[in-house]
Each structure stands twice: as structure tokens, then as C-alpha cells.
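One structure is given below, encoded as C-alpha cells.
The values are calculated or read from the model by the stated rules, or taken from the named source; none is laboratory data. Quick caveat: nothing in here was measured; it's all calculated off a predicted structure. Heads up, the Cβs are rebuilt from the backbone with ideal geometry, glycines too, and the neighbour counts pull from every protein chain shown. Ligands, DNA and RNA are stripped out before the accessible areas are found, and what is left, the full protein with its side chains, is counted by its heavy atoms. Shrake-Rupley method; radii C 1.70, N 1.55, O 1.52, S 1.80 Å.
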Amino acid sequence: MAVSSSSTDFSAALVMTPTALADWLVILPVAWCILIGAVLMMVRRRVGAHAILAIPALGLLVALNAALLFHVAANGPVTMVMGRWLPPFGIAFTVDLTGALFALAAGIVALAGAIAALDDVNDSGRRYGFYPFLMLLMAGVNGAFLTGDIFNLYVWFEVLLISSFGLLVLGSERGQIDGAVKYGFLNLMATTLFLVATGLLYGVFGTLNMADIALKAQATPDRVPLMTLTGLFVLAFGMKAAAFPVNFWLPASYHTPRLVVSALFAGLLTKVGIYALIRVGVMLFPVSLDRLTLVLSLIAVLTMLTGVFGALAQTDIRRLLGFLVISGIGAMLAGVALGGPEGIGGAVFYALHSIIVMTALYFAAGLAARAGGSSSLAALGGIYRSHPLLAALSLMLFFSVSGLPPFSGFWPKVMLVKAALDGGAGWLAASLLLAGFVTTIATARDLSARLLASGARDARRRDTRFDRPSRPHTLAAGRTDGIVPLCRSLSRAVARARARRRSDACRSGRLYPFRFSGRRYRTMKRTVTLLLMACLWLAVTGSVSLLNLLLGLCISAVSLWLVREQVDPVWSTVRPLKLLLLCGLFLGNWRCRRSRSPSSSCSRR
């Protein structure tokens, strides 16, 4: 006799109570973006209708995310499972206050990008799918912020990665294709590592629900390879977030697409990697993440220094902004490394600030480049005279990025510095302050000085060029008008002749007979850098075996190959820091080997 279905108890596997109407807000942002993206694909030939559909849809997305934030703030974290299956059976969407804040900030940035695209993206770009790609990108971003299942986090990463590829090559120019290759290489490696780590995680715990994994990891901490899982996730999310040393794809690709695309990428993509690192590391493996505090702190410092010194070496405003994005990622990683409520709160606050400010900076850079006719900082002098409001807005945004009071970047920096000092990491607090100081120098030199001082000089030249003395018929006036331009022309001719003779002497080897040039010089420089990096590897690992030397050479060669397209000024700026770090590590290793005291922290072998 068959058992009646009414006698079966499903309460342990299914949610028996009906879903509240407000809880549907958890999945509505993702479903809405996918729906509008599909509608835009169906009307892809009607280019004029794309913006008419997309902009109101993104406005409604902002309203949905705001309502979700209000609901979470009033009622606490909300979870909704697909098919009413309870964890670990069903796929869960879980949103807390942090995820809701990130989703709302992402919606505001996307709405601003859709409005800016009205002027920046032409009919050809819309025909190739700018607005559908934008909606799918927002589906991936919102899904990553709102998911409670780690495999679905990987799925949403893939969705935003595919849509970002489409936005990056929009226009099919040579520079865009080159940037897409560099962007795609490390990002595909990161998603592969993410998938490998997810498979290992499922093999260990038998579930992919984040809350269930957190409970099982706390119950059996000694029988699970938590450090291996944490290391894989940190590496994968570090690639996504453009952390050192896998961050050179960002300045090599973010200046190539349309400006509105660069603005969206700078505001959203790297922050998704930071959010995933906070969500997975802090929620699932807090103990293992604490053991990696020193490693994460070093990565954060190197990321900040790479960003600020790279920005200091740039003359193109879009490349400069790309390095500033990297510097901000270093500050967020410092908060993750510090941990605790203050450290994580400072990282989240800084990420929210960076989403809005970096997007606005790219928009301001686009307006300045259009007004000056070029993105080169040398050609932007005098913008403040023709566009004073734009110049003032740009200065305020750069002061905010530098962390100067009372702008938005100052307060998360204060939180991070205070957390570092309270945690006894004074060197990390000093690195945060140093990064802010060098950022201020870079922005003051490359933006303020060129927009204000250079523009003022050009303006004075334009004003005095057409000035005439009150008595133009006098002999003195005629001599003054003729002699000054003649002296300038003669001095320029002499300078050109000297430069020509100097270049001929250099080319023939008379001036610098032992100087390498061309391919031989580049080969020598790369060889020396390879050997230095290999020695650095030996110093860090503390082993001088042949196998370890070969491993260090292989890792150094791969690293040099990944960054071989970078501009030489960056390496010229970073080279003294590499030598200083190398000497410091060798000195520390030598002192550890000579130490024989039992109280020494180095002699624990």
C-alpha cells in the first residue's frame, strides 16, 4: 500500500511558509537586469530605442536596490532559496547590509554610465550592443553582491567577465583588442583558480552554501586543508581585484576602451573582487585569513606603492587614473589584512567611496580631454579658464582620492590608520599615509600644476602676444617688438643644433662608448632584473638549493613575461624600491642565520 503524500514531513528540506512579498527584492535586481538585457537584444536593430529602454530600467534598478537596502536595514539579513529548498540543497540568495550597500552604489554608477553613454557611445557602439552588455554586466555585479552560494558567485563572475569582454572591444580598434588580450589573460586564469578552489571546497565539505560551509569549517578546523583553500581564494580574488604582483593588466587595458566603459570598469570590477575576498575570507575562513595577515599586509603595501609611483610616472590622464585604482585596491587590502570591525569597516567604506569617486574621475577626465583635444596632461593647460567648474570638480575629486580632509577619501583612511595603530602595525599605517602623500604629489604635479600654472602661463602669453605699446610709431617700440622674437628664435635654433650633435655623438658611440642600446640594452636590463628577482625569491624562502633557484628563475621569468609591455618609467621608479627590499631581506636573513638565542623569533627550526 502506497504511503500517502500528506504523511510525508518536508519541513526539514523545504520552506513550508509562503515567501513574503518584500523578500522578493533579493532576486529582483538580477532578474530585472537579465530581462531588460534580453529585451534590448530583441530590438538590437533599433538603435534609437536602446537608451530609451535602458536608462529608465537602470533608474528602476536603483529604486529596487534602495528598497532592498531599506528592507535589510530594518529587518536584518534576508535569505531566499530557489524552489523553497533549504540549505544545503537549494541555491540561496543572501543579502546583508554590506551587499545591499554595494548593490546600490553599483546601480548609481551604472545609471550615470548609461546617461554619459548618450554622448560618448555612437550609433555603431550601440548597434554592437553597449546597452545589452551593460545590463548583463549589472546582472553579474548584482548577482555577485547578493548571492549566498559560492558556486553561483563563480557563475556571476563569469557573467560579468563575458559582458566586460564585449564592452572592452566595443569599436574593434587595435588598441582595444590589445587591451582585451591583456585583460582577458589574467582574468581567465583567476576564474580558473576560482573554479578549482570551488571544486576542492565541495569535495571537502560536500556543500556550496556559504553559511553551511562556515559552520562545518568551524566544527572540523584541524581535518580540513583550510590554508590551501584560503590561499587559492586569495590568489583568485587578488587577480580579480588587481593586487600586486598580478595587477599589470589593469593599467595596460583600462585606457583602451570607450571612456564610459573605463569609468564603469574602474568603479565596479575590481570592487567585486574585494567584496568576494571579504565575503569568502572573513565569513568562511577567518582563522586561516588571520594567519595570512603578514602576507596580505605586504601585498597591500606593494599594491599601494606600485599604484602611487606608477601614477607619478604617467603623462596620460587615463593611465594615471588606472594606477590610482590600483593604489585604492591596496588600501582596501590593508583593511582586509587588519581584520576586525575597524579594519573590515574601513575597507568597505573605502570601496564604496572608490566606486563613486573613481567613476566620477573618469567622467571628468573625459570632459577635460574633450575640452583640451587630448588626454595628455601636457595639452590640458588652461582648462580652468575655459571650464572653471570642470577644473574645480576635478581638483575636489583628486583631493578625495588623495585622502585630504574634508573629502570622502579622508574618513576611510582615518579608520584604516587607526585600526593599524591599534593593532600594532605601525609600518602599515605609515604605508597608508605615504601612499596618500605620494598621491597628493602626483595629482598636484600632474593635474593642479598643469591645469593652473601652465594654463596661466599660456593665458599670459595669449594676452601679451597681441599687446602693443601706446605709441607704435616710436623707434623703441619697433625694436622691442622685433628683438625679443629674434632672440627666442636664435636660442631655439642653438638648442636644436646642440641636441642634434649630441644625438649624433650618442649614435656613433663617441659620447657614451660603453652604452648598450636597442635590443641588447633591453636584454641586459631584463637579465639583471630576472637575476635580482630570483635572488629575492631565495632570500624570502630561505633556501639556497638548486631546485629552489630553478623555481625562482621560472617564477621570475613568468612575471617578467606578464609585464613586458609596461612603460619604462614605471620600472625606473620602482627599481630603487626593489633594490632596497632586496637588501633588507638579505640583511634580515643573514641576521636570522647568525642568531643563536632561544628567545629569538628567527631560530624556530
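In region 81-100, of all residues being open to solvent by 20 Å² or more (accessible area, probe 1.4 Å) and under 25 Å from Gly37 (Cβ atoms), the one that is nearest to the chain's Cα centre (by Cα) corresponds to Thr94. Return yes or no: is Gly203 on the phi < 0 side of the Ramachandran plot, in a helix (DSSP H, G or I) and out of contact with any helix residue (DSSP H, G or I) (no Cβ under 7 Å at 6 or more places or on another chain)? Answer is yes for this residue. Quick check: is even one residue across region 121-130 among the small types (Gly, Ala, Ser) and open to solvent by less than 30 Å² (accessible area, probe 1.4 Å)? Looking through region 121-130, at least one residue is among the small types (Gly, Ala, Ser) and open to solvent by less than 30 Å² (accessible area, probe 1.4 Å).
All but one of (1) under 25 Å from Tyr275 (Cα atoms); (2) of a type in the set (Ser, Thr, Tyr); (3) open to solvent by 40 Å² or more (accessible area, probe 1.4 Å) hold for Ser386; which doesn't? That leaves (1) as the condition not met. Residues in region 141-157 that are more than 18 Å from Pro29 (Cβ to Cβ) and open to solvent by 10 Å² or more (accessible area, probe 1.4 Å): Phe151, Tyr154.
Can you spot a residue in region 57-65 that is of a type in the set (Gly, Ala, Ser), in a helix (DSSP H, G or I) and touching a residue at least 12 places away in the same chain (Cβ under 8 Å)? Looking through region 57-65, at least one residue is of a type in the set (Gly, Ala, Ser), in a helix (DSSP H, G or I) and touching a residue at least 12 places away in the same chain (Cβ under 8 Å). Of the residues making up region 302-317, those that are surrounded by fewer than 21 Cβ atoms within 10 Å (Cβ to Cβ) and assigned to a helix (DSSP H, G or I) number 2. Given the criterion of a type in the set (D, E, K, R), over 21 Å from Phe349 (Cα atoms) and either at pLDDT 80 or above or open to solvent by 20 Å² or more (accessible area, probe 1.4 Å) (or both), identify the matching residue among Asp422, Asp446, Asp458. Being of a type in the set (D, E, K, R), over 21 Å from Phe349 (Cα atoms) and either at pLDDT 80 or above or open to solvent by 20 Å² or more (accessible area, probe 1.4 Å) (or both) holds for just one of Asp422, Asp446, Asp458, which is Asp458.
Entry remark, region 398-411: residues being out of contact with any Ser or Thr (no Cβ under 9 Å at 6 or more places or on another chain) and surrounded by 15 or more Cβ atoms within 10 Å (Cβ to Cβ) number 1 in total. When region 183-211 is filtered for residues that are open to solvent by 50 Å² or more (accessible area, probe 1.4 Å) and under 17 Å from Asn247 (Cβ atoms), the ones remaining, listed by number, are Phe185, Leu188, Met189.
In region 42-52, of all residues being in a helix (DSSP H, G or I) and open to solvent by 90 Å² or more (accessible area, probe 1.4 Å), the one that is modelled with the lowest pLDDT corresponds to Met42.
Looking at Ser262, Ser297, just one residue is within 27 Å of Lys182 (Cα to Cα), of a type in the set (S, T, N, Q) and crowded, with 24+ Cβ neighbours inside 10 Å, and that residue is Ser262.
Screening Lys216 against (1) touching a Gly at 6+ places or on another chain (Cβ under 9 Å); (2) in contact (Cβ under 8 Å) with a residue 24 or more places away in the chain; (3) open to solvent by 40 Å² or more (accessible area, probe 1.4 Å); (4) in a helix (DSSP H, G or I) leaves a single unmet condition, (2).
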